[in-house]
Structure formats: C-alpha cells, structure tokens
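**Student:** This is the structure I want to talk about, given as structure tokens.
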Amino acid sequence: MANEEKPKIKLAVYWGAACGGCCVSVLDVHESLFTVVEHADLVFWPIALDFKYADVEAMPDGHIDVTLFNGAVRNSENEHMAKLLRQKTKVLVAYGSCAHMGGIPGLANFTTKEEIFNRAYVTSESTVNPDKVFPRPEYEVPEGKLEIPVFYNDVRSLGQVVNVDYYLPGCPPQTERLVEVFMAIVTGAELPPPGSVVGALEKTQCDECKRKKSDNKKIKQFYRPWQIEDDGETCFLEQGVICMGPATRGGCGVRCIEGNAPCRGCYGPPVNAPDPGSKMMSAIATMIDSDDPGEIQKIVGTIDDPAGIFYRFSLPGSILRRKMT
Amino acid sequence: MSETFEPKIVAFLCNWCSYTGADLAGTSRMKYAHNVRVIRVMCSGRVEPTFVIKALREGADGVLICGCHPGDCHYHEGNYKCLRRYHLLQKYLEQMGIPADRLRLEWVSASEGKQFADIVNDMTEQVRELGPAGIKPVMDRLAV
C-alpha cells in the first residue's frame, strides 16, 4: 500500500429507485479505480460488493466518510436506506439526476400508485390476474410473516427525504466530474458550502455549445429530432427541435449535442433558475414566430407533451412536483 | 363548492396600461370583487411562467395577467411574448391536471377601468365555480 500513514476514506455507493447506470458510471473510472482504491475503502456497494444492510446498521454514526446515493425515493426501502446512510455518513452526495431532482423514475408523478398498480397487475397485455391480486407489504405464510417494501404514491428526490451535502447531477454524471470531486475530497481541497451542486458549471449548456446561434430565434413549427435532417452545425432550437440547453447546467461537455442529439436536461437547471421547465417554457415560447393567438396555439400544438419534455429529469424537484388528481 | 368559498386570484398588471386601468377603476369608485390581489410588473412580458406556477403552488385559485392591447406595448412586443407563454402555460397546466381556465390573459388599456372591473368580476365567478384549486395541500403533503 502506497499511503500507509494517511488513513483511507470510507466510501459507500447506494442505489434507490435507479436504473443502475449511476453505479456503472462509478466503474467507468476504469484504471483510475486503482487510484480510488488507493485512497478509499469501499464499505458498502450493493451492485459490486456483498455487504448487507445489517452491516451498515452495525456501523457507528458518521462512520462512512462519503456516500454516493443514486436513485430517487420511491418506496419504504429507499427511504429507510436514505435515512440510515444519512445517519452513518459524514458527506452525503446525491449522485445523478434521480437523487438530484427525481430523474426518470420521477415521471411517475404524472400518475398515481393506483394507476400504476392497475396497469402493472391488471391491464397490461401479458398479465392474467382475474382475482385482482396486488402486492401487499405484509403477508402471512405458515413459515411466518413475509415483508416487501411499501410502494409510495409520490416519487421524491433524495433532498426531499434527508439533508444532502452535495448534488452531483447527470444521467449518469460524467465520470471525469466524479473523479474531480472525489480527488477534491481526498486531497482535502476547500469544498463549496453544503447544499451546492458540484461537478457541473454554473452556466448553461448553450454557453459551452459550439453550434451556430443567432440572437433572433424564430420558430414556425416544432419538430421531433427524427422529423428533420439536422445540418449538424446550426442551433437545434433554430431548426425547430426542442433542446433543453438554455435551461440546463453545463459540465457534461455537451456530449449529446456533440453527438448530434439535442440536450434532454439531465444536468438540471442552472443556479438562478430552480425550476427548469418554467425556465424552458419562458425561453421557448418567446421564439414562437407569430403574433396571432390562433397561429400561436397551432405552433404550441406541435410540442408533444411539454410537461414531460421540460421536466423530463426534474418533476419531483420542481414547483409543481406532481400531477393534480 | 361551499357558499363560503372566496377565490384568491393573483393578478399581474403591466405598469403602463393595465395597472393604470385598474387605478382608474379605483379612482372612479367602481365596485368590483375583492378577490383579486394585484401585483404590478413593468410589462406583461415580465411575467415569467415561474410566477404563475409559483402563485398556484402557494395557494392561488386563479391567476390573471393583464397587459397592453396588441400593438400598444410600451416595449413594442412584451405583450406578444406574454401571449405565447400563456398558450404554452395553459397546455402545461392541463397536463398537470389543473384546468387551463385558472389562468387568464386579458388586454386592458389605461382608459379601461370599467373593463378591468368586469374582467375581475367575471373571473372571480368563473373560479368560484371551479372551486378551490387545492394545489398547495397536495404539493405540501409529499404523500407516501
């Protein structure tokens, strides 16, 4: 071991309601993993290491130095682990879009638990459930009581359940940003105030985007990306394709746009705009090229699903965090 | 809903036409529904979607935006920007399960005190019929 004298930091990675991509993005450090392991002991990481919840429960409070919590809070297990890890961790990082603002699982806030259960266990084409059996959190069997987590009606971001020290956005966060943040913690560099977004810029995607932009954007019709032939160099919005760039933090290296796909907004809103969707509505509506109410409505009609597009990664963390029912 | 329900309506009025129009209604001693809470802004184009969404989230039952008539904007086209945002916002609100009628955009000039009073009375009745928006309790609850 290279650094015998310097105590290693204790690192945990956990997933709530997540796809697993964030955990994999941690593995994407590739050979830097050796640097990570040189400086850190991984004490809990369900996707890669066989530690149990009981092992975490047995740790003294504040035992873990840094926890990267990815995923949203969708059920009682996610909530229990969020609270437990908060108690056991010095620096809790909301890692990725889902922990940051709810992410893709947060889109479930457009519906309800009842509708989801009905779809999943009754009406879906491959389901045969004539007795309408639904999952129950507790079930008595001869051998004893079986328990599964309680499915909640609302999806929440990590910050809506526990205090979060830092937010590291992205779907998933760019691995280079993670390494930067990790090294800052390890080397004892000065950290920003708790509650800050780290590993991202303060300015928007547009600030980093190299596509050609004019000051006077005019849109007569909105297109889905497949409906136009992108010229590869003009601003997507000027071509009528919705790009979340104006309402999204930079820091990812404009990877989607460099790959000729419009920004979808996974890095969350910039500093001065806590609600990305309303910021985007404000920006995009003014580009509509008409003064006539009828024509404006027609052009607005060409935006399929504005709520879903503008709040794709941020519904639970937004001002209106769920659909009214 | 119940007879005691008094809608809360937040009204954003532009400084140059609509606020002056509302002022005229007042100085002319016109009576109109007390349900409206007026916020003066420099231009209807200053009304960001965030203002509307936040007002509803914090307990407003309706939001009224008033600006200069088309072609009369003090800043040339602020009211057109507002008009475009208004139609997009209505579509968004419908998707969020909030009736689009809770948001209304009207043009009121500085001389239209009577029209302002009529709009407020009309909207108050319309929102009264819709009932309480009930958005704040749902957003506050963080239901599990």
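Readers should treat all values here as calculations from the given coordinates under stated rules, not as data from a laboratory. None of the values given here were measured: they were computed from a predicted structure. Backbone-built Cβ (ideal geometry, glycine too); neighbour counts: all protein chains shown.
**Student:** Specify the longest stretch of chain B that does not include any exposed loop site, a site being one of the trypsin sites (Lys or Arg not before Pro) with a non-H, G, I, E, B DSSP assignment and at most 14 other Cβ atoms within 10 Å.
**Tutor:** My reading of the result: B:32-144 is the longest stretch.
**Student:** Along the charge dipole of chain A, Cβ charges K/R +1 and D/E -1, which of A:ALA247, A:LEU168, A:GLY294 sits furthest on the positive end?
**Tutor:** Final value for the positive-end residue is A:GLY294.
**Student:** State to the nearest 20 debye the size of the charge dipole of the range A:218-325 about its Cα centre, where the only charges are +1 on K and R beta carbons and -1 on D and E beta carbons.
**Tutor:** 700 debye
**Student:** Charges only on Cβ, +1 for Lys and Arg, -1 for Asp and Glu: so what's the dipole of chain A about the Cα centre, in debye to the nearest 20?
**Tutor:** Charge dipole, chain A, about its Cα centre: 640 debye, nearest 20.
**Student:** Counting other C-beta atoms within 10 Å, and keeping those with at most 16, which DSSP coil GluC sites (Glu not before Pro) do you find in the range A:86-132?
**Tutor:** Of the GluC sites (Glu not before Pro), the ones in loops of the range A:86-132 whose Cβ has at most 16 other Cβ atoms within 10 Å are A:GLU125.
**Student:** Give me the angle, in degrees from 0 to 90, between the Cα long axis of helix A:276-285 and the longest principal axis of the Cα atoms of chain A, rounded to the nearest 10.
**Tutor:** Tilt of helix A:276-285: around 10 degrees.
**Student:** Gap in Å between the Cα centre of the range B:121-144 and the Cα centre of the range A:239-295?
**Tutor:** Value for the Cα centre distance between the two parts: 29 Å.
**Student:** Name the long-range amide H neighbours of B:VAL38: under 5 Å, sequence gap of 5 or more, or other chain; modelled H, no Pro or chain starts.
**Tutor:** B:ALA11
**Student:** Relative to the longest principal axis of the C-alpha atoms of chain A, give the angle of the C-alpha long axis of helix A:76-88, reported between 0 and 90° and rounded to the nearest 10°.
**Tutor:** Approximately 70 degrees, to the nearest 10.
**Student:** Which whole-angstrom value gives the distance between the alpha carbon centres of the range A:26-40 and the range B:46-112?
**Tutor:** Cα centroid of the range A:26-40 versus Cα centroid of the range B:46-112: 52 Å apart.
**Student:** Using only DSSP helix segments of four residues or longer, with each worth -39500 (n - 2.57), what per-residue ellipticity at 222 nm results for chain B after dividing by its residue count and rounding to 500?
**Tutor:** Values: 5 runs with 62 residues, N = 144.
Taken over chain B, the calculation gives -13500 deg cm²/dmol.
**Student:** Among A:VAL36, A:VAL24, A:GLY106, whose Cα projects farthest towards the positive end of the dipole of the protein assembly as shown, with charges put on the beta-carbon of Lys, Arg (+1) and Asp, Glu (-1)?
**Tutor:** Highest projection toward the positive end goes to A:GLY106.
**Student:** Within a 10 angstrom radius of each residue's Cβ in A:305-315, how many Cβ atoms of other chains show up on average? Whole number is fine.
**Tutor:** Partner-chain Cβ atoms within 10 Å, mean over residues of A:305-315: 2.
**Student:** Kindly provide the Kirkwood hydrodynamic radius of the range B:9-141 in Å, to one decimal, from all pairs of distinct alpha carbon atoms. Don't skip to the answer; put the middle values down first.
**Tutor:** Numbers: mean 1/r = 0.0677 Å⁻¹.
The Cα-based Kirkwood calculation yields 14.8 Å.
**Student:** If amide hydrogens are placed 1.01 Å from N in the peptide plane, which non-local residues have theirs closer than 5 Å to the one on A:ASP41?
**Tutor:** Excluding prolines and chain starts, which carry no amide H, the hits are A:ILE9, A:LYS10, A:LEU11.
**Student:** Then there is this: With a cut-off of 8 Å between alpha carbons and a minimum separation of six or more residues, what is the relative contact order of the range B:69-144 in percent?
**Tutor:** 23 percent
**Student:** Using the Kirkwood radius over C-alpha pairs as Rh, can you work out the diffusion coefficient of chain A via Stokes-Einstein at 4 °C, viscosity 1.567 mPa s, in µm² per second?
**Tutor:** In µm²/s, the coefficient is 60.
**Student:** List, in order, the whole-Hz ³J(HN,Hα) value for each residue of the range A:25-38 obtained from phi through the Karplus relation with A = 6.51, B = -1.76, C = 1.60 and θ = phi - 60°; use x for Gly and Pro.
**Tutor:** 5, 5, 5, 5, 5, 6, 5, 5, 4, 5, 5, 4, 5, 5
**Student:** Continuing with this model, one more query. For chain A, what relative contact order do you get, as a whole percent, if you take Cα pairs closer than 8 Å and at least 6 residues apart?
**Tutor:** Averaging sequence separation for qualifying contacts and normalising by length gives 18 percent for chain A.
**Student:** Across the range A:303-316, in residue order, what do the Karplus-derived ³J(HN,Hα) couplings come to in whole Hz, using 6.51 cos²θ - 1.76 cosθ + 1.60 with θ = phi - 60° and x for Gly and Pro?
**Tutor:** Result, ordered by residue: 8, 6, 6, x, 4, x, 6, 6, 10, 4, 10, 9, 4, x Hz.
**Student:** Ok, one more. List, in the order given, every pair from B:LYS81/B:LYS114; A:LYS8/A:LYS88; A:LYS217/B:LYS54; A:LYS217/A:LYS298; A:LYS203/B:LYS136; A:LYS218/B:LYS81 whose Cα-Cα distance in the structure shown is over 21 Å. Working shown, then result.
**Tutor:** On the way: B:LYS81/B:LYS114 26 Å; A:LYS8/A:LYS88 17 Å; A:LYS217/B:LYS54 27 Å; A:LYS217/A:LYS298 18 Å; A:LYS203/B:LYS136 31 Å; A:LYS218/B:LYS81 12 Å.
Cα-Cα > 21 Å for B:LYS81/B:LYS114; A:LYS217/B:LYS54; A:LYS203/B:LYS136; rest within.
**Student:** Could you state the number of Å between the C-alpha centres of the range A:170-202 and the range A:81-114?
**Tutor:** 18 Å
**Student:** With labels modelled as points extended 7 Å from the Cα through the Cβ direction, what inter-label distance (nm, one decimal) is found for B:SER28 paired with A:ASP291?
**Tutor:** 2.7 nm
**Student:** Now for a different question. Each residue of the range A:108-123 in order: what ³J(HN,Hα) in whole Hz does its phi give by Karplus 6.51 cos²θ - 1.76 cosθ + 1.60, θ = phi - 60°, with x for Gly and Pro?
**Tutor:** Calculated HN-Hα couplings, in order: 5, 6, 7, 9, 10, 4, 4, 5, 5, 4, 4, 5, 6, 10, 10, 8 Hz.
**Student:** What FRET efficiency comes out for A:THR302 versus A:ASN118 if R0 is 41 angstrom and r is the Cβ-Cβ distance? Round to the nearest 0.05.
**Tutor:** Efficiency computed from Cβ-Cβ geometry: 0.85.
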